[in-house]
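Scroll down for the structure; my scribbles are underneath it.
The values are calculated or read from the model by the stated rules, or taken from the named source; none is laboratory data. The structure displayed is predicted, hence computed values, not measured ones. Heads up, the Cβs are rebuilt from the backbone with ideal geometry, glycines too, and the neighbour counts pull from every protein chain shown. Keep in mind that these areas ignore ligands, DNA and RNA; they rest on the heavy atoms of the full protein, side chains included. Shrake-Rupley method; radii C 1.70, N 1.55, O 1.52, S 1.80 Å.
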Amino acid sequence: NNLSETAFVKFLDHQNFEIRWFSPISEVAFCGHATLASAFVLFKDYTTAKTLQFHVKDLGIFIVSQAQDGKIQMNFPVRPAQKLDDYPAILDEALQKPFKAVYQNAQAYIVEYESVQDVLDEVPDFSKLKTLG
């Protein structure tokens, strides 16, 4: 995804932590991989709890649990997407395969294809997609 986010975690108590994410440019609303890494370190070195509550500005609380086998399960906040009738024309230019629909949520554009094979065969022009921001 060519973006690097860093998580900053603040201890509230053994089961509750505030978490915020920053890219090299600004604060971001949510970052799953930085949350997974943070939870791994907290479970490994900072708490005996098997469930953590991350308090997130503008998202509320979401839960991360560690199973007996050590696997981490994250309950992501829902960021619903709305179907767009009018989407950026750059998507037609950057994507080679025909697509069914375009959706947008607070974080991303989501393109729906007719089949899995269409997704696998797509060769996007990433330089054009970057112009979406």
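Of all residues assigned to the stretch 34-51, none qualifies as being closer than 30 Å to Lys10 by Cβ, in contact (Cβ under 8 Å) with a residue 40 or more places away in the chain and not β-branched (Val, Ile, Thr).
Is it the case that Thr131 is farther than 30 Å from Phe11 by Cα, among the polar types (S, T, N, Q) and open to solvent by 40 Å² or more (accessible area, probe 1.4 Å)? The answer is yes for Thr131.
Would the stretch 108-121 turn up any residue that is surrounded by 14 or more Cβ atoms within 10 Å (Cβ to Cβ) and touching a Leu at 6+ places or on another chain (Cβ under 6 Å)? The answer is no, given that none of the residues of the stretch 108-121 is surrounded by 14 or more Cβ atoms within 10 Å (Cβ to Cβ) and touching a Leu at 6+ places or on another chain (Cβ under 6 Å).
Matching residues to (1) free of Cβ contacts under 8 Å to residues at least 24 places away in the same chain; (2) out of contact with any strand residue (DSSP E or B) (no Cβ under 8 Å at 6 or more places or on another chain):
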{"residue": "Arg79", "(1), (2)": "no, yes"}
{"residue": "Pro88", "(1), (2)": "no, no"}
{"residue": "Pro98", "(1), (2)": "yes, yes"}
{"residue": "Ala101", "(1), (2)": "yes, no"}
{"residue": "Asn105", "(1), (2)": "no, no"}
{"residue": "Glu112", "(1), (2)": "yes, no"}
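Would you mind stating whether Ala29 is of a type in the set (Gly, Ala, Ser) and free of Cβ contacts under 8 Å to residues at least 24 places away in the same chain? Show your work before the answer.
On the way: of a type in the set (Gly, Ala, Ser): yes; free of Cβ contacts under 8 Å to residues at least 24 places away in the same chain: no.
No; evaluated as a whole, the condition is false for this residue.
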